[in-house]
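In what follows, a single structure is set out as structure tokens and then discussed.
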Amino acid sequence: MTLSPICIGFLFLILRSTLVFGFQRLSKTPWASRHRIDRTSIPLEQEQREHSRWFLGMVLDSTLLYFLLSLHVFQFSSQHGFIFIGFLFAHILIVEPVYYGYHRLLHSHRYLYKHHHIIHHLSVVVQPITSYTFTFLERLSYTLLFSLPAILLNFITGISLEALFVYYLVFDALNSLGHLNTEIFPDGYQQSFLKWVLYTPSFHRQHHKRYIKNYCLFMPIFDKLGGTVCPHTEEVFVQAKKGYKR
């Protein structure tokens with residue numbers, strides 16, 4: 001039985017929000033506290049702000065998907081694996097570099113930072129739902145940016161809803177992981193080339209602490225190319241793995 005657009009949009013909302021909230025619960029467990037990067041308590045004001053904002057972005061994404069389905073914009077394909085690979089390439093070649101440039105702009109342009117991005121950076125000590133806490137307009141810009149792989153693939157190969165769901169769930173997992181404030185990567189990770197492929201919680205923690213470094217979405221190679229890698233990143237990683245705070 002084919003699901004209606006509203007059912008698909010609702011399923012999209014439930015799956016993604018459940019995943020993010022699962023990471024949020026994980027961040028509060030004794031397991032997560034073993035390798036906590038910053039042990040400073042999260043202020044009640046931050047908890048209230050983030051809990052009142054993070055879910056709105058999920059609703060915005062699901063609403064956009066509902067309207068696109070209702071308007072029959074998508075050309076569907078049954079090649080789920082092939083389409084997912086297309087999502088990955090589109091993410092690496094389009095989303096990552098565009099996000100990096102846009103993120104640097106948000107920090108360098110005083111008006112944009114003061115009226116939009118500062119809401120996200122009021123959270124100095126991060127947690128998974130921090131990754132979805134923005135002003136409405138900034139969150140809308142991310143909804144449009146992160147929709148580019150689906151829009152591009154729709155015109156080239158057609159789209160697969162299964163691949164789209166998997167892409168966004170992987171995206172949410174990585175986004176939540178970067179804000180987990182717990183270092184879960186193995187000890188030798190910072191000595192391997194993989195550190196430029198996928199960021200660690202320690203890497204993104206430095207962005208929230210120092211503001212002007214480590215701008216990437218998930219791939220630190222763009223900070224490497226842009227000369228914006230925080231020199232303290234490896235030190236913070238090592239200290240977190242040892243189980244004490246910087």
### Neighbours by Cβ (under 9 Å, 6+ apart or cross-chain): first from the range 32-51, touching a residue at least 24 places away in the same chain (Cβ under 8 Å) and closer than 19 Å to K241 by Cβ; second small (G, A, S) and part of a helix (DSSP H, G or I)
H35/A240; R36/A240; I37/S202; I37/A240; D38/A240; R39/S33
### Summary
Residue hits (the range 124-139; more than 14 Å from the chain's Cα centre (by Cα) and under 22 Å from R16 (Cα atoms)) are T135, F136, L137
### Query
Can you tell me which residues in the range 88-136 are in a helix (DSSP H, G or I), under 27 Å from L164 (Cβ atoms), free of Cβ contacts under 8 Å to residues at least 60 places away in the same chain and of a type in the set (V, I, T)?
I94, V98
## Note on the structure
Exception for P5 within (1) over 30 Å from P186 (Cα atoms); (2) of a type outside the set (V, I, T); (3) crowded, with 17+ Cβ neighbours inside 10 Å falls at (3)
### Query
How about the range 179-246: which helices (runs of 4 or more DSSP H) wholly inside it have at least 2 residues that are closer than 19 Å to Y102 by Cβ and in contact (Cβ under 8 Å) with a residue 40 or more places away in the chain?
201-210, 221-226
### Task
Among the residues of the range 151-167, write down those that are in a helix (DSSP H, G or I) and surrounded by fewer than 23 Cβ atoms within 10 Å (Cβ to Cβ).
I151, L152, N154, F155, I156, L161, E162, F165, V166, Y167
### Message
Restricting to the range 53-81, give me the number of residues that are touching a residue at least 40 places away in the same chain (Cβ under 8 Å), assigned to a loop (DSSP other than H, G, I, E, B) and either open to solvent by 40 Å² or more (accessible area, probe 1.4 Å) or aliphatic (A, V, I, L, M) (or both).
### Response
4
### Query
Is there a residue being modelled with pLDDT under 95 and in a loop (DSSP other than H, G, I, E, B) anywhere in the range 43-52?
yes
### Message
Just checking, does the range 199-213 include any residue being over 26 Å from K28 (Cβ atoms), surrounded by fewer than 16 Cβ atoms within 10 Å (Cβ to Cβ) and not charged (D, E, K, R)?
### Response
yes
### Task
Give L64, L106, L15 a once-over and let me know the one that is in contact with a Leu (Cβ under 7 Å, 6 or more places away or on another chain) and over 28 Å from T233 (Cα atoms).
L15
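The values are calculated or read from the model by the stated rules, or taken from the named source; none is laboratory data. Just so we're clear, the structure is a prediction, and the values are computed from it rather than from any experiment. With ideal geometry, Cβ positions are generated from the backbone for all residues, glycine too; neighbour counts draw on all protein chains shown. Side chains are part of the model used for accessible areas, which takes the heavy atoms of the whole protein and leaves out ligands, DNA and RNA. Shrake-Rupley method; radii C 1.70, N 1.55, O 1.52, S 1.80 Å.
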